[in-house]
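The values are calculated or read from the model by the stated rules, or taken from the named source; none is laboratory data. Since the structure is predicted, the reported quantities are computational estimates derived from the model, not experimental observations. Backbone-built Cβ (ideal geometry, glycine too); neighbour counts: all protein chains shown.
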Number of protein chains: 2
Amino acid sequence: MNKQINTIVFIGSGNVATRLAVALQEMKKSILQVYSRSEKRAGILAKKLGVGFTSNLSNVNREADLYILSVSDNALEEIVEKLDLDTQFIVHTSGTSSMDVLNKFDSFGVFYPLQTFSTEKNISFKNIPLCIEANSAENLELLQDLAAIISEDVQQINSEQRRALHVAAVFANNFTNYMYAVAEDILQDNDLPFDLLKPLIEETAEKLKAHIPHEAQTGPARRNDQKTIEEHLKILKAHPEYQKIYQLISEQIKRKHHLNDKL
Amino acid sequence: MNKQINTIVFIGSGNVATRLAVALQEMKKSILQVYSRSEKRAGILAKKLGVGFTSNLSNVNREADLYILSVSDNALEEIVEKLDLDTQFIVHTSGTSSMDVLNKFDSFGVFYPLQTFSTEKNISFKNIPLCIEANSAENLELLQDLAAIISEDVQQINSEQRRALHVAAVFANNFTNYMYAVAEDILQDNDLPFDLLKPLIEETAEKLKAHIPHEAQTGPARRNDQKTIEEHLKILKAHPEYQKIYQLISEQIKRKHHLNDKL
(Lines give C-alpha, C1' and ligand atoms only; values in the text may rest on other atoms or scores of the structure.)
Protein backbone atom coordinates (compact mmCIF):
# COMPACT_ATOMS: atom_id res chain seq x y z
CA MET A 1 0.00 0.00 0.00
CA ASN A 2 1.22 3.46 -0.88
CA LYS A 3 2.07 6.04 1.69
CA GLN A 4 -0.71 8.54 2.25
CA ILE A 5 -1.56 11.57 4.34
CA ASN A 6 -3.91 10.74 7.22
CA THR A 7 -3.07 13.16 10.01
CA ILE A 8 -2.89 16.93 9.66
CA VAL A 9 -2.00 19.93 11.82
CA PHE A 10 -3.34 23.33 10.81
CA ILE A 11 -1.10 26.34 11.40
CA GLY A 12 -3.57 29.20 11.05
CA SER A 13 -7.28 29.55 11.74
CA GLY A 14 -8.64 31.96 9.13
CA ASN A 15 -11.24 31.39 6.41
CA VAL A 16 -9.06 29.12 4.25
CA ALA A 17 -7.85 27.04 7.20
CA THR A 18 -11.41 26.70 8.51
CA ARG A 19 -13.03 25.59 5.24
CA LEU A 20 -10.15 23.28 4.35
CA ALA A 21 -10.03 21.66 7.80
CA VAL A 22 -13.78 21.08 7.78
CA ALA A 23 -13.69 19.59 4.27
CA LEU A 24 -10.76 17.27 5.04
CA GLN A 25 -12.26 16.14 8.32
CA GLU A 26 -15.54 15.34 6.55
CA MET A 27 -13.51 13.02 4.30
CA LYS A 28 -12.19 11.18 7.38
CA LYS A 29 -8.79 12.83 7.53
CA SER A 30 -7.70 13.29 11.13
CA ILE A 31 -7.00 16.87 12.15
CA LEU A 32 -4.64 16.57 15.13
CA GLN A 33 -4.39 20.18 16.26
CA VAL A 34 -4.90 23.83 15.40
CA TYR A 35 -2.29 26.50 16.00
CA SER A 36 -3.00 30.20 15.85
CA ARG A 37 -1.11 33.21 17.21
CA SER A 38 -4.45 34.15 18.73
CA GLU A 39 -5.48 31.64 21.38
CA LYS A 40 -9.09 32.70 20.97
CA ARG A 41 -9.18 32.07 17.23
CA ALA A 42 -7.28 28.79 17.55
CA GLY A 43 -9.88 27.77 20.10
CA ILE A 44 -12.82 28.62 17.86
CA LEU A 45 -11.61 26.47 14.97
CA ALA A 46 -10.42 23.67 17.28
CA LYS A 47 -13.83 23.58 18.92
CA LYS A 48 -15.56 23.38 15.52
CA LEU A 49 -13.33 20.37 14.73
CA GLY A 50 -13.40 18.85 18.22
CA VAL A 51 -9.58 18.83 18.48
CA GLY A 52 -6.82 20.42 20.56
CA PHE A 53 -5.23 23.80 19.95
CA THR A 54 -2.24 25.91 20.92
CA SER A 55 -1.03 29.47 20.48
CA ASN A 56 2.56 28.48 21.18
CA LEU A 57 4.61 27.27 18.22
CA SER A 58 6.81 25.17 20.50
CA ASN A 59 3.79 23.13 21.46
CA VAL A 60 2.83 22.16 17.93
CA ASN A 61 2.23 18.42 17.66
CA ARG A 62 5.22 16.85 15.85
CA GLU A 63 3.55 13.61 14.74
CA ALA A 64 1.37 14.70 11.81
CA ASP A 65 1.75 13.50 8.21
CA LEU A 66 1.16 17.05 6.97
CA TYR A 67 1.34 20.61 8.28
CA ILE A 68 -0.88 23.08 6.46
CA LEU A 69 0.29 26.68 6.92
CA SER A 70 -2.65 28.88 6.19
CA VAL A 71 -1.68 32.33 7.39
CA SER A 72 -1.37 35.76 5.76
CA ASP A 73 1.60 36.29 3.48
CA ASN A 74 2.85 38.88 5.93
CA ALA A 75 2.98 36.32 8.76
CA LEU A 76 4.26 33.39 6.72
CA GLU A 77 7.97 34.19 6.86
CA GLU A 78 8.06 34.66 10.61
CA ILE A 79 6.15 31.44 11.26
CA VAL A 80 8.43 29.48 8.94
CA GLU A 81 11.44 30.85 10.79
CA LYS A 82 10.09 29.89 14.19
CA LEU A 83 8.49 26.58 13.28
CA ASP A 84 10.81 23.88 14.57
CA LEU A 85 10.12 20.85 12.37
CA ASP A 86 12.54 19.03 10.12
CA THR A 87 11.58 15.90 8.19
CA GLN A 88 7.83 16.58 8.37
CA PHE A 89 5.88 17.49 5.21
CA ILE A 90 4.83 21.15 5.20
CA VAL A 91 2.69 23.07 2.70
CA HIS A 92 1.30 26.57 2.55
CA THR A 93 -2.00 27.70 1.01
CA SER A 94 -0.87 31.07 -0.33
CA GLY A 95 -1.58 32.24 -3.85
CA THR A 96 1.32 34.66 -3.82
CA SER A 97 4.20 33.20 -1.84
CA SER A 98 6.64 31.01 -3.72
CA MET A 99 6.96 27.37 -2.71
CA ASP A 100 10.57 28.11 -1.83
CA VAL A 101 9.71 30.13 1.26
CA LEU A 102 9.44 26.65 2.81
CA ASN A 103 12.81 25.33 1.58
CA LYS A 104 14.35 25.15 5.03
CA PHE A 105 12.26 22.01 5.48
CA ASP A 106 12.99 18.64 3.86
CA SER A 107 9.54 18.10 2.37
CA PHE A 108 7.45 21.01 1.26
CA GLY A 109 4.85 22.15 -1.21
CA VAL A 110 1.80 24.27 -1.91
CA PHE A 111 -1.88 23.47 -1.54
CA TYR A 112 -3.76 26.48 -2.92
CA PRO A 113 -7.55 26.38 -3.28
CA LEU A 114 -8.64 28.99 -5.82
CA GLN A 115 -11.77 30.28 -4.16
CA THR A 116 -13.09 32.96 -1.83
CA PHE A 117 -14.03 31.62 1.58
CA SER A 118 -16.15 32.79 4.47
CA THR A 119 -15.55 31.55 7.99
CA GLU A 120 -19.26 30.89 8.40
CA LYS A 121 -20.48 29.76 4.99
CA ASN A 122 -19.74 26.09 4.28
CA ILE A 123 -18.73 25.37 0.71
CA SER A 124 -18.16 22.20 -1.28
CA PHE A 125 -14.61 21.85 -2.60
CA LYS A 126 -15.82 19.54 -5.37
CA ASN A 127 -15.52 22.13 -8.17
CA ILE A 128 -12.82 24.29 -6.62
CA PRO A 129 -9.49 24.17 -8.46
CA LEU A 130 -6.88 22.92 -6.01
CA CYS A 131 -3.49 24.09 -7.22
CA ILE A 132 -0.67 21.93 -5.97
CA GLU A 133 3.11 22.01 -6.18
CA ALA A 134 5.77 20.04 -4.29
CA ASN A 135 9.53 19.71 -3.97
CA SER A 136 9.57 16.09 -5.16
CA ALA A 137 7.55 13.74 -7.32
CA GLU A 138 6.73 11.67 -4.27
CA ASN A 139 5.42 14.65 -2.32
CA LEU A 140 3.47 15.83 -5.34
CA GLU A 141 1.74 12.46 -5.48
CA LEU A 142 0.86 12.66 -1.79
CA LEU A 143 -0.72 16.09 -2.33
CA GLN A 144 -2.45 14.92 -5.51
CA ASP A 145 -4.09 12.06 -3.59
CA LEU A 146 -5.10 14.29 -0.71
CA ALA A 147 -6.49 17.01 -2.99
CA ALA A 148 -8.44 14.49 -5.06
CA ILE A 149 -10.47 13.32 -2.08
CA ILE A 150 -12.09 16.75 -1.79
CA SER A 151 -11.87 18.23 -5.31
CA GLU A 152 -12.44 16.99 -8.84
CA ASP A 153 -10.25 19.76 -10.21
CA VAL A 154 -6.68 19.24 -9.01
CA GLN A 155 -4.14 21.27 -10.97
CA GLN A 156 -0.36 21.15 -10.96
CA ILE A 157 0.59 24.80 -11.09
CA ASN A 158 4.09 26.17 -10.57
CA SER A 159 4.90 29.11 -8.31
CA GLU A 160 5.12 31.65 -11.12
CA GLN A 161 1.80 30.62 -12.66
CA ARG A 162 0.18 30.57 -9.25
CA ARG A 163 1.26 34.13 -8.57
CA ALA A 164 -0.29 35.24 -11.86
CA LEU A 165 -3.40 33.25 -11.05
CA HIS A 166 -3.67 35.03 -7.73
CA VAL A 167 -3.45 38.45 -9.38
CA ALA A 168 -6.15 37.38 -11.84
CA ALA A 169 -8.26 36.22 -8.89
CA VAL A 170 -7.89 39.63 -7.24
CA PHE A 171 -9.42 41.21 -10.35
CA ALA A 172 -12.11 38.53 -10.77
CA ASN A 173 -13.13 38.47 -7.11
CA ASN A 174 -11.87 41.33 -4.92
CA PHE A 175 -12.23 44.07 -7.50
CA THR A 176 -15.50 42.70 -8.84
CA ASN A 177 -16.85 42.71 -5.31
CA TYR A 178 -15.67 46.29 -4.93
CA MET A 179 -17.68 47.21 -8.04
CA TYR A 180 -20.72 45.70 -6.31
CA ALA A 181 -19.94 47.81 -3.23
CA VAL A 182 -19.78 50.99 -5.30
CA ALA A 183 -23.09 50.08 -6.96
CA GLU A 184 -24.63 49.49 -3.54
CA ASP A 185 -23.47 52.91 -2.37
CA ILE A 186 -24.98 54.63 -5.40
CA LEU A 187 -28.30 52.86 -4.88
CA GLN A 188 -28.35 53.72 -1.18
CA ASP A 189 -27.85 57.40 -2.02
CA ASN A 190 -31.04 57.15 -4.08
CA ASP A 191 -33.17 55.10 -1.69
CA LEU A 192 -33.05 52.06 -3.93
CA PRO A 193 -32.57 48.50 -2.61
CA PHE A 194 -29.46 46.55 -3.65
CA ASP A 195 -31.74 43.61 -4.52
CA LEU A 196 -32.62 45.38 -7.78
CA LEU A 197 -29.15 44.56 -9.09
CA LYS A 198 -29.02 40.89 -8.14
CA PRO A 199 -30.48 39.46 -11.37
CA LEU A 200 -28.02 41.59 -13.35
CA ILE A 201 -25.08 40.44 -11.24
CA GLU A 202 -26.09 36.80 -11.65
CA GLU A 203 -26.46 37.12 -15.40
CA THR A 204 -23.09 38.88 -15.67
CA ALA A 205 -21.38 35.82 -14.18
CA GLU A 206 -23.69 33.43 -16.04
CA LYS A 207 -22.83 34.94 -19.44
CA LEU A 208 -19.29 33.62 -19.10
CA LYS A 209 -20.56 30.11 -19.68
CA ALA A 210 -21.17 31.04 -23.32
CA HIS A 211 -18.85 33.99 -23.96
CA ILE A 212 -15.34 35.07 -23.09
CA PRO A 213 -15.35 38.37 -21.16
CA HIS A 214 -14.09 40.39 -24.11
CA GLU A 215 -17.13 39.32 -26.17
CA ALA A 216 -19.56 39.80 -23.28
CA GLN A 217 -18.59 43.45 -22.79
CA THR A 218 -21.50 45.88 -23.16
CA GLY A 219 -22.28 49.36 -21.88
CA PRO A 220 -21.64 53.02 -22.71
CA ALA A 221 -17.84 52.69 -22.91
CA ARG A 222 -18.11 49.62 -25.15
CA ARG A 223 -20.49 51.56 -27.45
CA ASN A 224 -18.28 54.63 -27.20
CA ASP A 225 -21.41 56.51 -26.03
CA GLN A 226 -19.67 59.65 -24.77
CA LYS A 227 -22.95 61.41 -23.96
CA THR A 228 -23.95 58.77 -21.44
CA ILE A 229 -20.44 58.57 -19.99
CA GLU A 230 -20.49 62.29 -19.29
CA GLU A 231 -23.98 62.11 -17.85
CA HIS A 232 -22.81 59.34 -15.50
CA LEU A 233 -19.77 61.29 -14.38
CA LYS A 234 -22.08 64.17 -13.44
CA ILE A 235 -24.32 61.84 -11.42
CA LEU A 236 -21.21 60.67 -9.52
CA LYS A 237 -20.13 64.20 -8.57
CA ALA A 238 -20.65 63.55 -4.86
CA HIS A 239 -18.12 60.69 -5.07
CA PRO A 240 -14.89 61.90 -6.73
CA GLU A 241 -13.28 58.52 -6.03
CA TYR A 242 -16.00 56.71 -7.99
CA GLN A 243 -15.71 59.24 -10.81
CA LYS A 244 -12.02 58.40 -11.02
CA ILE A 245 -12.73 54.67 -11.31
CA TYR A 246 -15.54 55.24 -13.79
CA GLN A 247 -13.28 57.33 -15.97
CA LEU A 248 -10.27 55.04 -15.84
CA ILE A 249 -12.15 51.82 -16.60
CA SER A 250 -14.24 53.46 -19.31
CA GLU A 251 -11.11 54.72 -21.04
CA GLN A 252 -9.59 51.27 -20.91
CA ILE A 253 -12.71 49.59 -22.28
CA LYS A 254 -12.89 52.15 -25.09
CA ARG A 255 -9.23 51.71 -25.96
CA LYS A 256 -9.37 47.92 -25.85
CA HIS A 257 -12.45 47.65 -28.04
CA HIS A 258 -11.49 50.48 -30.36
CA LEU A 259 -8.23 48.69 -31.12
CA ASN A 260 -10.07 45.47 -31.81
CA ASP A 261 -13.08 46.75 -33.72
CA LYS A 262 -12.47 47.62 -37.31
CA LEU A 263 -13.75 51.17 -36.90
CA MET B 1 -63.17 45.76 -19.50
CA ASN B 2 -60.13 48.00 -19.01
CA LYS B 3 -58.07 49.35 -21.84
CA GLN B 4 -54.92 47.36 -22.45
CA ILE B 5 -51.91 47.23 -24.75
CA ASN B 6 -52.21 44.56 -27.41
CA THR B 7 -50.31 45.82 -30.45
CA ILE B 8 -46.73 47.11 -30.41
CA VAL B 9 -44.26 48.65 -32.85
CA PHE B 10 -40.56 48.41 -32.05
CA ILE B 11 -38.38 51.37 -32.98
CA GLY B 12 -34.90 49.84 -32.76
CA SER B 13 -33.53 46.34 -33.27
CA GLY B 14 -30.65 45.93 -30.80
CA ASN B 15 -30.29 43.49 -27.92
CA VAL B 16 -32.94 45.08 -25.69
CA ALA B 17 -35.48 45.41 -28.53
CA THR B 18 -34.85 41.83 -29.61
CA ARG B 19 -35.23 40.21 -26.18
CA LEU B 20 -38.22 42.37 -25.25
CA ALA B 21 -40.03 41.77 -28.56
CA VAL B 22 -39.49 38.01 -28.29
CA ALA B 23 -40.72 37.95 -24.67
CA LEU B 24 -43.83 40.03 -25.41
CA GLN B 25 -44.69 38.02 -28.51
CA GLU B 26 -44.38 34.80 -26.49
CA MET B 27 -47.04 36.24 -24.18
CA LYS B 28 -49.39 36.75 -27.16
CA LYS B 29 -48.82 40.45 -27.63
CA SER B 30 -48.92 41.36 -31.30
CA ILE B 31 -45.76 42.98 -32.66
CA LEU B 32 -46.92 44.91 -35.73
CA GLN B 33 -43.62 46.10 -37.16
CA VAL B 34 -39.93 46.73 -36.57
CA TYR B 35 -38.17 49.94 -37.53
CA SER B 36 -34.41 50.32 -37.63
CA ARG B 37 -32.19 52.88 -39.36
CA SER B 38 -30.42 49.84 -40.76
CA GLU B 39 -32.67 47.95 -43.13
CA LYS B 40 -30.61 44.83 -42.63
CA ARG B 41 -30.94 44.86 -38.84
CA ALA B 42 -34.64 45.71 -39.00
CA GLY B 43 -35.03 42.72 -41.30
CA ILE B 44 -33.21 40.33 -38.99
CA LEU B 45 -35.44 41.09 -36.00
CA ALA B 46 -38.60 41.26 -38.14
CA LYS B 47 -37.82 37.83 -39.57
CA LYS B 48 -37.30 36.39 -36.08
CA LEU B 49 -40.75 37.72 -35.16
CA GLY B 50 -42.40 36.97 -38.52
CA VAL B 51 -43.56 40.59 -38.97
CA GLY B 52 -42.96 43.51 -41.33
CA PHE B 53 -40.16 46.07 -41.08
CA THR B 54 -39.07 49.45 -42.39
CA SER B 55 -35.99 51.65 -42.30
CA ASN B 56 -38.03 54.75 -43.12
CA LEU B 57 -39.57 56.57 -40.16
CA SER B 58 -42.38 57.92 -42.38
CA ASN B 59 -43.51 54.36 -43.02
CA VAL B 60 -43.92 53.44 -39.37
CA ASN B 61 -47.30 51.80 -38.76
CA ARG B 62 -49.56 54.34 -37.00
CA GLU B 63 -52.10 51.90 -35.56
CA ALA B 64 -50.23 50.37 -32.60
CA ASP B 65 -51.26 50.66 -28.93
CA LEU B 66 -47.64 51.20 -27.96
CA TYR B 67 -44.36 52.30 -29.57
CA ILE B 68 -41.23 51.01 -27.82
CA LEU B 69 -38.17 53.12 -28.65
CA SER B 70 -35.16 51.00 -27.94
CA VAL B 71 -32.23 52.82 -29.48
CA SER B 72 -28.92 54.19 -28.17
CA ASP B 73 -29.12 57.37 -26.10
CA ASN B 74 -27.16 59.10 -28.84
CA ALA B 75 -29.83 58.31 -31.43
CA LEU B 76 -32.87 58.85 -29.21
CA GLU B 77 -33.20 62.61 -29.61
CA GLU B 78 -33.03 62.55 -33.39
CA ILE B 79 -35.58 59.76 -33.66
CA VAL B 80 -37.98 61.55 -31.32
CA GLU B 81 -37.65 64.69 -33.43
CA LYS B 82 -38.40 62.86 -36.68
CA LEU B 83 -41.05 60.48 -35.41
CA ASP B 84 -44.38 61.81 -36.60
CA LEU B 85 -46.92 60.44 -34.13
CA ASP B 86 -49.24 62.41 -31.89
CA THR B 87 -51.81 60.72 -29.65
CA GLN B 88 -50.09 57.33 -29.68
CA PHE B 89 -48.46 55.97 -26.52
CA ILE B 90 -44.65 56.02 -26.72
CA VAL B 91 -42.03 54.70 -24.28
CA HIS B 92 -38.26 54.38 -24.36
CA THR B 93 -36.14 51.67 -22.72
CA SER B 94 -33.16 53.78 -21.74
CA GLY B 95 -31.59 53.71 -18.30
CA THR B 96 -30.14 57.17 -18.67
CA SER B 97 -32.50 59.36 -20.67
CA SER B 98 -35.18 61.22 -18.77
CA MET B 99 -38.83 60.40 -19.47
CA ASP B 100 -39.21 64.01 -20.59
CA VAL B 101 -37.24 63.54 -23.80
CA LEU B 102 -40.58 62.17 -25.03
CA ASN B 103 -42.74 65.09 -23.89
CA LYS B 104 -43.57 66.27 -27.39
CA PHE B 105 -46.00 63.35 -27.47
CA ASP B 106 -49.33 63.19 -25.62
CA SER B 107 -48.76 59.85 -23.92
CA PHE B 108 -45.29 58.77 -22.94
CA GLY B 109 -43.29 56.80 -20.44
CA VAL B 110 -40.33 54.53 -19.75
CA PHE B 111 -40.05 50.76 -19.86
CA TYR B 112 -36.56 49.93 -18.63
CA PRO B 113 -35.54 46.31 -18.06
CA LEU B 114 -32.57 46.20 -15.69
CA GLN B 115 -30.53 43.42 -17.25
CA THR B 116 -27.72 42.77 -19.72
CA PHE B 117 -28.95 41.24 -22.97
CA SER B 118 -27.41 39.34 -25.83
CA THR B 119 -29.01 39.29 -29.26
CA GLU B 120 -28.58 35.52 -29.41
CA LYS B 121 -29.09 34.29 -25.86
CA ASN B 122 -32.76 34.01 -24.90
CA ILE B 123 -33.51 35.02 -21.33
CA SER B 124 -36.57 34.82 -19.13
CA PHE B 125 -37.86 38.21 -17.97
CA LYS B 126 -39.53 36.60 -14.97
CA ASN B 127 -36.98 37.86 -12.41
CA ILE B 128 -35.78 40.91 -14.27
CA PRO B 129 -36.75 44.22 -12.61
CA LEU B 130 -38.87 46.18 -15.09
CA CYS B 131 -38.64 49.83 -14.15
CA ILE B 132 -41.62 51.82 -15.39
CA GLU B 133 -42.60 55.48 -15.38
CA ALA B 134 -45.38 57.32 -17.25
CA ASN B 135 -46.81 60.79 -17.75
CA SER B 136 -50.20 59.89 -16.25
CA ALA B 137 -51.73 57.44 -13.81
CA GLU B 138 -53.66 55.83 -16.63
CA ASN B 139 -50.56 55.28 -18.75
CA LEU B 140 -48.68 53.98 -15.74
CA GLU B 141 -51.39 51.39 -15.23
CA LEU B 142 -51.17 50.32 -18.87
CA LEU B 143 -47.41 49.84 -18.53
CA GLN B 144 -47.83 48.09 -15.18
CA ASP B 145 -50.20 45.55 -16.76
CA LEU B 146 -47.95 45.01 -19.77
CA ALA B 147 -44.81 44.63 -17.64
CA ALA B 148 -46.53 42.21 -15.27
CA ILE B 149 -47.24 39.70 -18.02
CA ILE B 150 -43.51 39.11 -18.51
CA SER B 151 -41.93 40.01 -15.14
CA GLU B 152 -42.72 39.37 -11.48
CA ASP B 153 -40.63 42.36 -10.46
CA VAL B 154 -42.26 45.54 -11.81
CA GLN B 155 -40.92 48.70 -10.15
CA GLN B 156 -42.13 52.28 -10.36
CA ILE B 157 -38.91 54.25 -10.60
CA ASN B 158 -38.65 57.93 -11.43
CA SER B 159 -36.21 59.37 -13.96
CA GLU B 160 -33.67 60.51 -11.40
CA GLN B 161 -33.59 57.16 -9.60
CA ARG B 162 -33.38 55.33 -12.91
CA ARG B 163 -30.34 57.34 -13.91
CA ALA B 164 -28.61 56.41 -10.66
CA LEU B 165 -29.67 52.80 -11.12
CA HIS B 166 -28.09 52.79 -14.56
CA VAL B 167 -24.79 54.10 -13.20
CA ALA B 168 -24.88 51.41 -10.52
CA ALA B 169 -25.56 48.84 -13.23
CA VAL B 170 -22.51 50.03 -15.17
CA PHE B 171 -20.37 49.25 -12.11
CA ALA B 172 -22.12 45.95 -11.33
CA ASN B 173 -22.11 44.67 -14.90
CA ASN B 174 -19.87 46.51 -17.38
CA PHE B 175 -16.99 47.15 -15.01
CA THR B 176 -17.28 43.74 -13.38
CA ASN B 177 -17.09 42.18 -16.82
CA TYR B 178 -14.03 44.28 -17.54
CA MET B 179 -12.39 42.87 -14.40
CA TYR B 180 -13.05 39.40 -15.81
CA ALA B 181 -11.44 40.49 -19.11
CA VAL B 182 -8.33 41.71 -17.30
CA ALA B 183 -8.16 38.42 -15.39
CA GLU B 184 -8.46 36.51 -18.65
CA ASP B 185 -5.59 38.49 -20.15
CA ILE B 186 -3.34 37.78 -17.18
CA LEU B 187 -4.10 34.07 -17.35
CA GLN B 188 -3.48 33.97 -21.10
CA ASP B 189 -0.05 35.56 -20.58
CA ASN B 190 0.73 32.62 -18.31
CA ASP B 191 -0.74 29.79 -20.41
CA LEU B 192 -3.55 29.22 -17.95
CA PRO B 193 -7.16 28.57 -19.01
CA PHE B 194 -9.88 31.06 -18.02
CA ASP B 195 -11.97 28.12 -16.78
CA LEU B 196 -9.84 28.05 -13.63
CA LEU B 197 -11.55 31.25 -12.47
CA LYS B 198 -15.15 30.26 -13.14
CA PRO B 199 -15.93 28.70 -9.73
CA LEU B 200 -14.48 31.83 -8.09
CA ILE B 201 -16.54 34.14 -10.27
CA GLU B 202 -19.71 32.18 -9.53
CA GLU B 203 -19.08 32.22 -5.78
CA THR B 204 -18.33 35.97 -5.85
CA ALA B 205 -21.83 36.61 -7.20
CA GLU B 206 -23.36 33.87 -5.02
CA LYS B 207 -21.96 35.39 -1.81
CA LEU B 208 -24.27 38.38 -2.26
CA LYS B 209 -27.23 36.20 -1.34
CA ALA B 210 -25.97 36.18 2.26
CA HIS B 211 -23.77 39.28 2.52
CA ILE B 212 -23.79 42.88 1.38
CA PRO B 213 -20.74 43.63 -0.79
CA HIS B 214 -19.00 45.64 1.91
CA GLU B 215 -19.03 42.60 4.22
CA ALA B 216 -18.05 40.19 1.45
CA GLN B 217 -14.87 42.11 0.62
CA THR B 218 -11.69 40.04 0.98
CA GLY B 219 -8.20 40.18 -0.52
CA PRO B 220 -4.83 41.89 -0.01
CA ALA B 221 -6.24 45.44 -0.02
CA ARG B 222 -8.96 44.49 2.47
CA ARG B 223 -6.30 42.95 4.75
CA ASN B 224 -4.00 45.92 4.14
CA ASP B 225 -1.39 43.37 3.01
CA GLN B 226 1.05 45.81 1.40
CA LYS B 227 3.64 43.13 0.67
CA THR B 228 1.25 41.21 -1.59
CA ILE B 229 -0.02 44.40 -3.22
CA GLU B 230 3.52 45.35 -4.21
CA GLU B 231 4.25 41.84 -5.42
CA HIS B 232 1.13 41.99 -7.61
CA LEU B 233 2.07 45.37 -9.06
CA LYS B 234 5.42 43.89 -10.07
CA ILE B 235 3.72 40.94 -11.77
CA LEU B 236 1.61 43.42 -13.76
CA LYS B 237 4.60 45.39 -15.03
CA ALA B 238 3.92 44.41 -18.66
CA HIS B 239 0.46 46.03 -18.38
CA PRO B 240 0.79 49.59 -17.02
CA GLU B 241 -2.96 50.12 -17.55
CA TYR B 242 -3.79 47.15 -15.30
CA GLN B 243 -1.29 48.39 -12.71
CA LYS B 244 -3.14 51.69 -12.64
CA ILE B 245 -6.48 49.98 -12.02
CA TYR B 246 -4.98 47.65 -9.44
CA GLN B 247 -3.50 50.57 -7.56
CA LEU B 248 -6.57 52.79 -7.69
CA ILE B 249 -9.06 50.14 -6.58
CA SER B 250 -6.74 48.82 -3.87
CA GLU B 251 -6.34 52.31 -2.44
CA GLN B 252 -10.09 52.78 -2.38
CA ILE B 253 -10.71 49.42 -0.71
CA LYS B 254 -8.07 50.20 1.90
CA ARG B 255 -9.48 53.64 2.59
CA LYS B 256 -13.07 52.42 2.77
CA HIS B 257 -12.33 49.58 5.17
CA HIS B 258 -9.80 51.49 7.18
CA LEU B 259 -12.40 54.16 7.87
CA ASN B 260 -14.92 51.55 8.89
CA ASP B 261 -12.76 49.19 10.90
CA LYS B 262 -11.97 50.34 14.39
CA LEU B 263 -8.22 50.16 13.86
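Here are some notes:
- Yes/no for B:E141 being surrounded by fewer than 24 Cβ atoms within 10 Å (Cβ to Cβ), more than 10 Å from chain A (Cβ to nearest Cβ) and outside any helix (DSSP H, G or I): no
- Residues that are of a type in the set (A, V, I, L, M) and under 30 Å from A:F175 (Cβ atoms) were ranked within region B:131-173; the one that is farthest from the chain's Cα centre (by Cα) is B:I157.
- Residues of region A:1-36 that are surrounded by 24 or more Cβ atoms within 10 Å (Cβ to Cβ) and among the polar types (S, T, N, Q): A:S13, A:T18.
- Residues located in region A:99-121, provided they are modelled with pLDDT under 95 and among the hydroxyl-bearing types (S, T, Y): A:T116, A:S118, A:T119
- Counted residues, region B:156-210 - those being among the charged types (D, E, K, R) and either touching a Cys at 6+ places or on another chain (Cβ under 8 Å) or closer than 22 Å to B:K237 by Cα (or both): 5
- Taken over region A:61-76, the criterion of being surrounded by fewer than 19 Cβ atoms within 10 Å (Cβ to Cβ) and either away from chain B (no Cβ under 14 Å) or modelled with pLDDT of 95 or more (or both) is satisfied by A:N61, A:R62, A:E63, A:D65.
- Failed criterion for B:L114 (all others in (1) surrounded by fewer than 22 Cβ atoms within 10 Å (Cβ to Cβ); (2) within 11 Å of chain A (Cβ to nearest Cβ) hold): (1)
- Residue among A:K28, A:K47 that is out of contact with any helix residue (DSSP H, G or I) (no Cβ under 7 Å at 6 or more places or on another chain), in a loop (DSSP other than H, G, I, E, B), free of Cβ contacts under 8 Å to residues at least 24 places away in the same chain and not β-branched (V, I, T): A:K28
- Given (1) at pLDDT 95 or above; (2) more than 7 Å from chain A (Cβ to nearest Cβ); (3) assigned to a loop (DSSP other than H, G, I, E, B), number of the condition B:I132 does not satisfy: (3)
- Subset tally (residues that are hydroxyl-bearing (S, T, Y), more than 7 Å from every other protein chain (Cβ to nearest Cβ) and within 20 Å of B:S72 (Cβ to Cβ)) for region A:224-263: 2
- When each of A:V60, A:V51, A:V71 is tested for being of a type in the set (A, V, I, L, M, F, W, C), under 22 Å from A:D106 (Cα atoms), more than 21 Å from the chain's Cα centre (by Cα) and in the same structural domain as A:M99 (by TED's automatic domain parsing), the lone residue that passes is A:V60.
- Within region A:148-159, considering residues that are in a helix (DSSP H, G or I) and in contact with an Asp or Glu (Cβ under 9 Å, 6 or more places away or on another chain), the one nearest to the other protein chains (Cβ to nearest Cβ): A:S159
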